[in-house]
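*Asks:* Please see the structure below; I have some questions.
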Amino acid sequence: MRKRLWVMSALALVLVLVSAPLGGCATTGDGEEAPDGGGEGAGKEPYVVGAVLSLTGAQSALGVPEKNAIDLEVARINAEGGINGHPLEVIIEDDASDVDQAIARTTKLIEQDNVLAIIGSTGTGQSMAMREVIAEAGIPQVSLAGSLIITQDFSPLVFQTPWSNALVVDVTLEYLADLGLTNVGLITEDTGFGKDGRTLVAETAANHGLTVVSDQVFKPADTDMTGQLTVIKGAGADVVLMWSSVAASSIVPKNMAQLGMDIPLVGSHGIARQEFVDSAGAAADGVVMFAGKVLAPDAYGVGTPSYEAATSFIDRYAETYGEPPSNTFAGHAYDGLYLVVEALKRLDEGFTPSDLRDEIERTSGFPGIGGVFTFSATDHNGMSADDLVGYRVTDGAWALLE
Amino acid sequence: MEASELLQLVIAGLKNGSIYALLALGFTIVYAATNVINFAQGEFYMLGGMLAVFAFSGLNVPLVAAVALAVVTVAGIGALFERLAIRPRKDADPMALIIITVGGSLVFASVARHLFGSDALPLPEFTPGPSFVFAGAAIERQTIWIWVIVTATVIGLTLLYNRTRLGRAMRACMENREAARLMGIDTARVVMVSFALAAALGALAGVAVTPLTSTRFDIGAGIAVKGFAAAILGGLGSPLAAVAGGLLLGLIEQAVIPFSSVLKDVVALAVLLLVLFVRPQGLFRRTRKEKV
């Protein structure tokens, strides 16, 4: 009996360890802990918004800063008196980077929590899978995933905060054409985001006078891409174009260095994070990608509203979490949250979910961190090529491309 | 395709295959002792890399010591896992034990995320430097380390099985656990040692690969599938068969890439299914008539 007790207590300890992080993120955001900071907020019903984020699994490197950003801004909004006197509550759910989980968590938010709108998910696959449940409920969704398909496969309910792949692919291919790198060796990850980029490059390369000489794919769980890169090398590519956002993307520059490939590597905004540079080490030097201006706020133009929004957000983020956001994803969540919050501010009491949707669509010239958002009845991405700048890895960090 | 490209693909296949082989060895050793497929094997691989990164970057231990520390610690974790999770249910149906190992793998991954975070963590190469070029194909230094480790492991295991008392006890358990127990062999100890050994090999693979790929709390499950497939190809028998299964799987994957890298995993798994249909005992295992 004593032996069993010992085993059971060891198991209990392990369970506590395991459930601690899960419990922290699976329930509610910190918004609940600071319900009504301002005196005016007391008494009024809270506005409840749901967020489905990938806090665990393959996309956790994106989802965790997104959660941080939302927690931070909800506390700030409530400290300043909430939205027209209503405290804001954001209930954050973890989809574990999994499509089925995303649907289940969305259903829970709609049926149990009666949320007004849903922010998320982090990934394309999840964002697309969630829309059926969302369409039934008739509430707006603001996705934080970057694939074109999210706004191209148009739903009046679905908005998107990252620059869509269409925008980034266009700017990136134009860059390759300008440098005369016409033979493109394409390597993409086997996920929703990667497939979206792969299709877009295949369809539009010819418009820029480019040819895809080799089209390779890798799995997020792969440990080695030298095989794919060998085939690209053999096909006579001038440049390797990589459309990927998962952690395995950092293996590509390393494998290129190991193979002695000295052609340039150009990536997507999916690698716009310090983790990519740190993982790839010296091999990341010279990698180019196009993304928003948040990684180098001076690019907004000092003193512009976006510059002020971004720098103030970065400072507050650094103060709370000890370091500034090391990627663009926290900014996508900031934009997603404020697109909903600003619309809620403009609405009178007693609005319906469809009023909220209409109001989000009326967003015009909102200075977000990803860029300046102007939605229309046909454009739910709302950004333009002006919101993108080029970056190159220089001395172990992303620096503006001259 | 040029000869140098072909050679490059073969090198990539042998490199990935060696990693699969080390995992396959872990599956094989535990299976031999317990008839259980240990699905936590991939987590030992993950923990090996994680602990080496932690010791090297967090505790500033020299790389060699960090590697040794990681392997020894994970071996201990493997033994502890057997003691706490497997032994209390040792008479249960193998299926129940397999489910326990699946649960164990989830626990390991969650604890790793809790302790080390969700970012990919890098480790420097054992011997940094440019790749060697051989007939137009590049071999990175770390790959040579991986090959050395696999070769040394096979030699070590063969010696263990054939020359030592413990190894002979392990082989006896492999043949017939009940009879081994009746002959006075401490089968409980053999099982624990098997888990520790399998965990150490998984950790060794993880440590050897981390300089190439970085490591993350969630990489265990993906690599476990590959190691399991390699073990099945080899037939869950001798160490050499496991290594052959791993290398074969690695080579098949690379052979598919020039045609379609999308289908790489699909074709590799289709080959596995085919093997299971034609030779359920694996490619490298002789069938033995069961005496009634």
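*Asks:* Cβ-Cβ distance below 7 Å, separation of 6 or more or different chains: which pairs start in segment A:373-390 with a residue that is part of a loop (DSSP other than H, G, I, E, B) and end on one that is exposed (fewer than 13 other Cβ atoms within 10 Å of the Cβ)?
*Replies:* A:Thr374/A:Ser364; A:Thr374/A:Gly365
*Asks:* May I pose another question? Looking at B:Asp186, B:Asp119 in this structure, which one is more than 22 Å from the chain's Cα centre (by Cα) and within 9 Å of chain A (Cβ to nearest Cβ)? Step through it out loud before you land on a result.
*Replies:* Values: B:Asp186 fails: within 9 Å of chain A (Cβ to nearest Cβ).
One residue alone meets the criteria, B:Asp119.
*Asks:* Same structure again: When you check A:Asp190 against the structure, is it over 27 Å from A:Tyr47 (Cα atoms), surrounded by fewer than 22 Cβ atoms within 10 Å (Cβ to Cβ) and not assigned by TED's automatic domain parsing to the domain that holds A:Ser245, yes or no?
*Replies:* Working: over 27 Å from A:Tyr47 (Cα atoms): yes; surrounded by fewer than 22 Cβ atoms within 10 Å (Cβ to Cβ): yes; not assigned by TED's automatic domain parsing to the domain that holds A:Ser245: no.
So A:Asp190 does not fit the description; no.
*Asks:* Answer with yes or no whether B:Val191 is surrounded by 22 or more Cβ atoms within 10 Å (Cβ to Cβ) and either among the charged types (D, E, K, R) or part of a helix (DSSP H, G or I) (or both). Don't jump to the end; show me each part of the working.
*Replies:* On the way: surrounded by 22 or more Cβ atoms within 10 Å (Cβ to Cβ): yes; either among the charged types (D, E, K, R) or part of a helix (DSSP H, G or I) (or both): yes.
Judged against the criteria, B:Val191 is a match.
*Asks:* Taking the condition in contact (Cβ under 8 Å) with a residue 60 or more places away in the chain, part of a helix (DSSP H, G or I) and under 20 Å from A:Leu337 (Cα atoms), does A:Thr106 pass? Let's see the steps before the verdict.
*Replies:* Values: in contact (Cβ under 8 Å) with a residue 60 or more places away in the chain: no; part of a helix (DSSP H, G or I): yes; under 20 Å from A:Leu337 (Cα atoms): yes.
No; evaluated as a whole, the condition is false for this residue.
*Asks:* Given the conditions (1) surrounded by fewer than 20 Cβ atoms within 10 Å (Cβ to Cβ); (2) in the same structural domain as A:Ala137 (by TED's automatic domain parsing); (3) of a type in the set (A, V, I, L, M, F, W, C); (4) closer than 21 Å to A:Phe154 by Cα, report the number of the one that A:Ala377 does not fulfil.
*Replies:* So A:Ala377 meets the others, but not (2).
*Asks:* Report those helices (runs of 4 or more DSSP H) wholly inside segment B:1-107 carrying at least 1 residues which are surrounded by fewer than 17 Cβ atoms within 10 Å (Cβ to Cβ). Working first, answer last.
*Replies:* Working: elements: B:3-34, B:41-53, B:63-81.
Correct list: B:3-34, B:63-81.
*Asks:* So, one more: Mind telling me which of the residues B:Gly227, B:Gly222, B:Gly245 ends up being crowded, with 24+ Cβ neighbours inside 10 Å, within 14 Å of another protein chain (Cβ to nearest Cβ) and in a helix (DSSP H, G or I)? Write out each step before concluding.
*Replies:* Working: B:Gly222 fails: crowded, with 24+ Cβ neighbours inside 10 Å; B:Gly245 fails: within 14 Å of another protein chain (Cβ to nearest Cβ).
Matching residue, one of B:Gly227, B:Gly222, B:Gly245: B:Gly227.
*Asks:* Going residue by residue through segment B:230-238, is there one that turns out to be surrounded by fewer than 23 Cβ atoms within 10 Å (Cβ to Cβ), under 30 Å from B:His114 (Cα atoms) and of a type outside the set (Phe, Trp, Tyr)?
*Replies:* no
*Asks:* Additional query: Quick one: which residue in B:Ala179, B:Ala196, B:Ala152 is free of Cβ contacts under 8 Å to residues at least 60 places away in the same chain, in a helix (DSSP H, G or I) and under 19 Å from B:Lys90 (Cβ atoms)?
*Replies:* Values: B:Ala196 fails: free of Cβ contacts under 8 Å to residues at least 60 places away in the same chain; B:Ala152 fails: under 19 Å from B:Lys90 (Cβ atoms).
Result of the check over B:Ala179, B:Ala196, B:Ala152: B:Ala179.
*Asks:* So for segment A:268-286 (the condition being surrounded by fewer than 22 Cβ atoms within 10 Å (Cβ to Cβ), away from every other protein chain (no Cβ under 14 Å) and at positive phi), does at least one residue qualify?
*Replies:* Looking for residues that are surrounded by fewer than 22 Cβ atoms within 10 Å (Cβ to Cβ), away from every other protein chain (no Cβ under 14 Å) and at positive phi, one finds at least one in segment A:268-286, hence yes.
*Asks:* Further question on the same structure: For the structure I just gave you, tell me whether A:Ala237 is at pLDDT 90 or above and more than 18 Å from A:Thr172 (Cα to Cα). Full working, then the answer.
*Replies:* On the way: at pLDDT 90 or above: yes; more than 18 Å from A:Thr172 (Cα to Cα): no.
So A:Ala237 fails the test.
*Asks:* Here is a further query. Quick check on my filter: what residues within segment A:216-245 are outside any strand (DSSP E or B), within 9 Å of chain B (Cβ to nearest Cβ) and in contact with an Asp or Glu (Cβ under 8 Å, 6 or more places away or on another chain)?
*Replies:* Scanning segment A:216-245 gives A:Lys219, A:Pro220, A:Gly227, A:Thr230, A:Val231, A:Lys233, A:Gly234.
*Asks:* Let me ask another. Going by what's in this entry, would B:Ala65 be described as over 30 Å from A:Phe276 (Cα atoms) and free of Cβ contacts under 8 Å to residues at least 12 places away in the same chain? Please lay out each step first, then the result.
*Replies:* Details: over 30 Å from A:Phe276 (Cα atoms): no; free of Cβ contacts under 8 Å to residues at least 12 places away in the same chain: yes.
When the stated conditions are applied, B:Ala65 does not pass them.
*Asks:* To continue, here is another question. Only one residue in A:Val389, A:Val372 is over 23 Å from A:Pro156 (Cα atoms), β-branched (Val, Ile, Thr), under 18 Å from the mean Cα position of the chain (by Cα) and surrounded by 14 or more Cβ atoms within 10 Å (Cβ to Cβ). Which one? Outline the logic, then answer.
*Replies:* Numbers: A:Val372 fails: over 23 Å from A:Pro156 (Cα atoms).
Among A:Val389, A:Val372, only A:Val389 is over 23 Å from A:Pro156 (Cα atoms), β-branched (Val, Ile, Thr), under 18 Å from the mean Cα position of the chain (by Cα) and surrounded by 14 or more Cβ atoms within 10 Å (Cβ to Cβ).
*Asks:* Taking the residues in segment A:246-265 that are surrounded by fewer than 24 Cβ atoms within 10 Å (Cβ to Cβ) and outside any helix (DSSP H, G or I) as candidates, determine which candidate is farthest from the other protein chains (Cβ to nearest Cβ).
*Replies:* Looking at the filtered set, the residue picked out is A:Pro264.
*Asks:* Which count do you get for residues in segment B:68-92 that are within 12 Å of another protein chain (Cβ to nearest Cβ), free of Cβ contacts under 8 Å to residues at least 60 places away in the same chain and within 22 Å of B:Leu204 (Cα to Cα)? Don't jump to the end; show me each part of the working.
*Replies:* Within segment B:68-92, the first condition is being within 12 Å of another protein chain (Cβ to nearest Cβ), and the residues that meet it are B:77, B:80-81, B:83-89.
Imposing the further condition that a residue be free of Cβ contacts under 8 Å to residues at least 60 places away in the same chain reduces the set to B:80, B:84-85, B:88-89.
Narrowing further to those that are within 22 Å of B:Leu204 (Cα to Cα): B:80.
Selection size over segment B:68-92: 1.
*Asks:* With respect to B:Ala137, is the statement that it is at the interface with another protein chain (Cβ under 9 Å from one of its Cβ atoms) and over 23 Å from B:Thr215 (Cβ atoms) true?
*Replies:* Numbers: at the interface with another protein chain (Cβ under 9 Å from one of its Cβ atoms): yes; over 23 Å from B:Thr215 (Cβ atoms): yes.
Yes; evaluated as a whole, the condition is true for this residue.
*Asks:* Okay, next question. Can you name every residue in segment A:282-313 that is in a helix (DSSP H, G or I) and touching a helix residue (DSSP H, G or I) at 6+ places or on another chain (Cβ under 7 Å)? Step through it out loud before you land on a result.
*Replies:* Taking segment A:282-313 as the starting set, the residues that turn out to be in a helix (DSSP H, G or I) are A:282-284, A:293-295, A:297-300, A:305-313.
Those that are in a helix (DSSP H, G or I) and touching a helix residue (DSSP H, G or I) at 6+ places or on another chain (Cβ under 7 Å): A:Ala283, A:Ala284, A:Lys293, A:Val294, A:Pro297, A:Ala299, A:Tyr300, A:Ser306, A:Tyr307, A:Ala310, A:Thr311, A:Phe313.
*Asks:* How many of the residues making up segment A:168-195 are closer than 28 Å to A:Val133 by Cα and in contact with a helix residue (DSSP H, G or I) (Cβ under 6 Å, 6 or more places away or on another chain)?
*Replies:* Residues of segment A:168-195 that are closer than 28 Å to A:Val133 by Cα, as a first pass: A:189-195.
From the residues that got through so far, the ones that are in contact with a helix residue (DSSP H, G or I) (Cβ under 6 Å, 6 or more places away or on another chain) too are A:192-193.
Going through segment A:168-195 one residue at a time, the tally reaches 2.
*Asks:* I've got another one for you. Filter segment B:93-110 for residues that are closer than 11 Å to B:Gly220 by Cβ and more than 10 Å from every other protein chain (Cβ to nearest Cβ) and give the result.
*Replies:* Passing the criteria: only B:Ser105.
*Asks:* Right, next: Determine whether B:Glu178 is modelled with pLDDT under 90 and among the acidic types (Asp, Glu).
*Replies:* Values: modelled with pLDDT under 90: yes; among the acidic types (Asp, Glu): yes.
Judged against the criteria, B:Glu178 is a match.
*Asks:* Please count how many residues of segment B:125-134 are in contact (Cβ under 8 Å) with a residue 40 or more places away in the chain and either at the interface with another protein chain (Cβ under 8 Å from one of its Cβ atoms) or crowded, with 16+ Cβ neighbours inside 10 Å (or both).
*Replies:* Start the filter on segment B:125-134 by keeping residues that are in contact (Cβ under 8 Å) with a residue 40 or more places away in the chain, which leaves B:125-126, B:134.
Applying the additional criterion that residues be either at the interface with another protein chain (Cβ under 8 Å from one of its Cβ atoms) or crowded, with 16+ Cβ neighbours inside 10 Å (or both) yields B:125-126.
Summing the residues that are in contact (Cβ under 8 Å) with a residue 40 or more places away in the chain and either at the interface with another protein chain (Cβ under 8 Å from one of its Cβ atoms) or crowded, with 16+ Cβ neighbours inside 10 Å (or both) in segment B:125-134 gives 2.
*Asks:* Could you check segment B:248-283 and list, in sequence order, the residues that are away from chain A (no Cβ under 14 Å), among the β-branched types (Val, Ile, Thr) and either surrounded by 15 or more Cβ atoms within 10 Å (Cβ to Cβ) or not in a helix (DSSP H, G or I) (or both)? Please lay out each step first, then the result.
*Replies:* Just the residues of segment B:248-283 that are away from chain A (no Cβ under 14 Å), to begin with: B:248, B:270-283.
Applying the additional criterion that residues be among the β-branched types (Val, Ile, Thr) yields B:271, B:275, B:278.
Result: B:Val271, B:Val275.
*Asks:* Right, something else. Got a sec? Which of B:Arg113, B:Arg171 is touching a Phe, Trp or Tyr at 6+ places or on another chain (Cβ under 6 Å), within 9 Å of another protein chain (Cβ to nearest Cβ) and in a helix (DSSP H, G or I)? Break it down into steps so the answer makes sense when it comes.
*Replies:* Working: B:Arg171 fails: within 9 Å of another protein chain (Cβ to nearest Cβ).
Just one listed residue meets the conditions, B:Arg113.
*Asks:* Let me ask another. Being farther than 15 Å from B:Val262 by Cβ and free of Cβ contacts under 8 Å to residues at least 12 places away in the same chain is the filter; apply it to segment A:183-206 and report the residue that is nearest to the chain's Cα centre (by Cα).
*Replies:* That would be A:Glu203.
The values are calculated or read from the model by the stated rules, or taken from the named source; none is laboratory data. What you see is a predicted model, and the numbers here were worked out from it, not measured in a lab. Quick reminder, even Gly has a Cβ in these numbers, built from the backbone with ideal geometry, and neighbours come from all protein chains shown.
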